[in-house]
Each structure stands twice: as C-alpha cells, then as structure tokens.
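Scroll down for the structure; my scribbles are underneath it.
Just so it is clear, none of the values below were taken in a lab; they were calculated from the coordinates. Note that the coordinates shown come from a computational prediction; the quantities given were computed from them, not determined experimentally. With ideal geometry, Cβ positions are generated from the backbone for all residues, glycine too; neighbour counts draw on all protein chains shown.
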Amino acid sequence: MSTESARPRRDFILAYLFWLAVLIVVCVAIWLSSSALSSFRYAGF
Amino acid sequence: MSGKLLNGRAFVAAFITVALILVVVEIEVRSALSDQALKDWPEDSFLAHERDDHGRLMAGVFAARSEDPPPGGHVFVIGGSTVREGLLPDAVIQRGLSDALGAEAPEIHTLYSFDQTMAETARVALNLPLQHGDTLVIGVNPRRLSFGEPALAREFVASRFSLLSNESLRALAATDTIAAITGNEPWLSETRLLTPWDSLAVFEHRLFMRNWVEGRLNANTVGAWDNLFGGKLGDVDWLALADVDTRNVRRPLRYAYGDQALTKREKAEIAAAVASTRIDAFFEHSPVDFAILQSLIETQLADDVYVILLELPRAQSSTDVYGPVWADYETGMSALVEAGATRLDLRNAPFGDDDFYDLEHLLAPFRPDLTDMFFEELLGAELDLEQS
C-alpha cells in the first residue's frame, strides 16, 4: 500500500475517533447533568 | 480545529456508532430493569448503599408483590423520615400483631424514605399488591403536604422511584380532584413526541442508576468525577477516576439518629428555617398534596382498602413554629376524614422537646413507647383487622 493511499485513511480514522470521543463525552455529560438531583443524596432527614 | 478533523464522513460514521452504542445500552438497561427481571434481584441488590431509603423501599414493594397474599392481609405503612425514626422495626410490630390476632394477623411492611413527597407516597401506594380488607397507613404532617405540584411533575420526568410504574399515578393525577388544581398540566399529557428521550429506559431510570453506581464506588472516585464535571480540574484526583473497585452492600441500616439530640441552638436554627421557608411552602403547595391524598383515599376505598392517616408526635417548639398552618391543615384533614380515611392523631403524645433529635424525629429510647401507642391505636381504629 502506498503512502499516498494510507494517509487519507489515517486522517479518516483520526477524525472518526475524535468525533466519537466528542459525541460520547457530550452524551455522558448530558446524562450526568440531567441525573443530578442534590436532594437525592442522603441527608438524614 | 485542524482541517483534517472536519471530515463529514467521519462525523456521520461516529454519529452512527454512538447511536448503535446507545441502542445496545438502552436494550440492556430496559431488560435489566424490567418488572420481570427485578423480581429476580436479591433484595439487597437494590441498595446503592446501606442508607439508601429509596432502594430499600422499592425492594420492599417488589418483595411484597412477589409473595402470595398473606391470609391476614397486609398493613402497609408509608411515610417519610419521621415514620422511619419513630417506629420499631417491622418484625417487632409483627410480633405484637401476631400475639394479639393470632394466625390471622396481617403482615406489616413499613415503606419509608426521607423527604418523601405525597406524589411519591401515591406512586408507592398504587404499586402495592393491595387487596380487599388491606390497610394503608400514610404518615402525614405539614411538611409532607408542602411539596405540591413540582413534586408531582417530578414523578413524570425524574423520579426517585422510577422502578415503580407511574401509569397509575398518571391516571390519578388526571382525576378531577387534582386536575381542578393543576389544570391538567402538559406534563400529564402525552409529551413523548416533544421529548422522545422520556421514553428511554436509560433516561427514565437515570436517578436510580446514578445513585446505585455512585453508592457502590468508593468516595474518592465519586469525588474525583464530581470535580471533573464540576470544572474543578485542580482538585481532580486523576488516579481515582480510573478506580472502579466496587464494594459489597450489606443489609440496609434504617435509623439515622440515636439517643443524642441536637443542641438547643441547632434546634432554634431549624425552627427559624421552618418559619422562613416551610410555612410559605405549605400554603403554596398543600392544595395539590391534599388533592393527591383525597384521590388516593377514594381510589383505595373503592377497592375496600382501609386508609389511616397517621400523625406522629412533634416537639412543642415544632407545633409552635408551624402555628400559622394549623387552621388550614385541620380543614384539609377533616375533608380527608369525610372522604373516608381514619385519622390516628398522636401529635399530643406525652413526649418532651428533649425527646426529639430535632423538632420531629423521636430519639431512639422513645421508639418503643411510640410503637406501643401506634399499635394500640391501630388495633383500636375500628378496622376489624381480624377480618382483613
């Protein structure tokens, strides 16, 4: 495989991994922020 | 941002991958938290930690539902922390019931959770295996009638009891008694077209799942993640982030208070907080909570279930600070009695201010006395428990 044909593929994989990480972080952040409910923590009363 | 990362095809591929991951997670969560699957959960596996009132309560509901109906029927006691702290464990009350009523004594279950709202009480009650002749005891006090519409709305978007279905509560909230006050707010109608994620199990059960995971991780790990998502990067313990060791949760611990009361100054601070916030909250929210109770009572009486409204003792200083609400409170309670509920009023039981941890939670040494009073009132409440 030539260097010229490998580079676009490597760029695609890098971009794919980057967006995958971004989207996963966004989903987790939305889930965590929507699940924050301070009164749910045990307060003893 | 590097131009190489602005790759449309890569973004679409990543988006599809995340969507597929979400579908798999959703299927797994829905399967693990289905009614059928929950029947097989060991009782202590619902607990996020030993003091997880909500996990313990839901486990109690599932356990009661999976058992054959006892010959003497059920007595379910539902309430907040005053019920939790005031009464002795079920086994003790059960022994008393069995001694008094023999083999036909009903089976008692106390379902407590801190800061339990009346909407939560209704949700729990409507998920119980109540049958003809059973008894439902509901702890009531001004504080418990001060959560109102926001708490009812929360049951449809972010409930602490999400493992218990909210379908019956949705029907209850649509009854004329409640809808006349809430105006049948949008959260009662079908909102899933506007907020499709409401239909996702991973979203519906997020409070339970987060509490459950957090409670089983060690405190350093939870603190590190809190700091990370709270933007306090300087305080993040980076090594703790990856520490996924979990601990085993043993039996639930019921009582939070022992025999040591708060100081007079601390009690005065609580009284000041009640005066500054809870009185207004009662006047703002109690109409909805009284309506929820009334609808619940009517629903239960239609199924021949007795409903008892239990009022536990309170310190004189609490009675004084709640002074402005009592007239309205009495009017509301009288209406509930007219609707068919029985009232067990132990507010004036002979306990002194020093017998309470704060203003309403009885200290441990006085639980036996209060339990005896509750027991005697329960047997004397013209409920014909022997026939239940």
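For the segment A:22-35, counting C-beta atoms of other chains within 10 Å of every residue's C-beta and taking the mean gives 4. Backbone N atoms of segment B:91-128 closer than 15 Å to the 7 Å Cα→Cβ label point of B:Arg65 belong to residues B:122-128. Taking label positions 7 Å along the Cα-Cβ direction at both B:Ser165 and B:Val213, the computed distance is 2.8 nm, reported to one decimal. Stretched out straight at 0.36 nm per residue, the stretch from B:Asp40 to B:Trp326 would grow longer than its current Cα-Cα span by 98.4 nm.
Most mobile of B:Leu20, B:Leu359, B:Leu301 per a Gaussian network model of chain B (Cα springs, under 10 Å)? Maximum among the listed residues: B:Leu20.
Exposure proxy for B:Ser45, B:Ser168, B:Ser317: other Cβ atoms within 10 Å of each Cβ, ordered fewest to most, give B:Ser45, B:Ser168, B:Ser317. Membrane-span-like helices in chain B, defined here as complete DSSP H runs extending at least 24 Å along the helix axis by their C-alpha atoms with mean Kyte-Doolittle hydropathy no lower than -0.5, are B:8-32, B:279-302; this is a sequence and geometry rule, not a statement about a membrane.
Based on the Cβ-Cβ distance from B:Val25 to B:Thr277, what FRET efficiency comes out when R0 is 25 Å, to the nearest 0.05? Rounded to the nearest 0.05, the efficiency is 0.05.
Taking every DSSP beta bridge that has both ends in the protein assembly as shown, the antiparallel portion is near 10%.
Judged by the mean number of other Cβ atoms found within 10 Å, the most tightly packed of the peptides B:270-278, B:151-159, B:51-59, B:228-236 leads the ranking B:51-59, B:151-159, B:270-278, B:228-236. By its C-alpha gyration tensor, with a ≥ b ≥ c as the square roots of the eigenvalues, how is chain B shaped: rounded for a/c under 1.5, else prolate for a/b larger than b/c, else oblate? Cα axes put chain B in the prolate bin. Figure legend: label point modelled 7 angstrom from the Cα of B:Arg343 along Cα→Cβ; residues of segment B:292-315 with amide N under 17 Å from it are B:292-295, B:297-298, B:307-314. Note: relative contact order over segment B:28-156, using C-alpha pairs below 8 Å and six or more positions apart, is 28 percent. Mind jotting down the distance between the C-alpha centroids of segment B:283-340 and segment B:108-126, whole Å? After rounding, the separation between the Cα centres reads 15 Å.
Between B:Ala103 and B:Gln316, residue separation times 0.36 nm minus the direct Cα-Cα distance comes to 72.7 nm. Applying the criteria of a DSSP loop state and at most 13 other Cβ atoms within 10 Å to the GluC sites (Glu not before Pro) of segment B:59-108 yields B:Glu67. Our summary gives chain B a relative contact order of 24 percent, counting only alpha carbon pairs under 8 angstrom and 6 or more residues apart. Quick one: if the Förster radius is 45 Å, what FRET efficiency do B:Arg251 and B:Leu379 give, using the C-beta to C-beta distance and rounding to 0.05? The pair B:Arg251/B:Leu379 has a calculated efficiency of 0.95. Label-to-label distance, B:Asn220 versus B:Val244, with points set 7 angstrom from Cα along the beta-carbon direction: 1.8 nm.
Could you tell me which of rounded, prolate or oblate describes segment B:225-322, using a ≥ b ≥ c as the square roots of the eigenvalues of the alpha-carbon gyration tensor, with rounded for a/c under 1.5 and, failing that, prolate when a/b is larger than b/c and oblate otherwise?
The shape class here is prolate.
Taking amide H positions as modeled 1.01 Å from N, with prolines and chain starts lacking one, the residues under 5 Å from B:Ile108 and 5 or more places away or on another chain are B:Val75.
Estimated from helical segments only, the mean residue ellipticity of chain B at 222 nm is -14500 deg cm²/dmol, where each DSSP H run of four or more residues counts as -39500 (n - 2.57).
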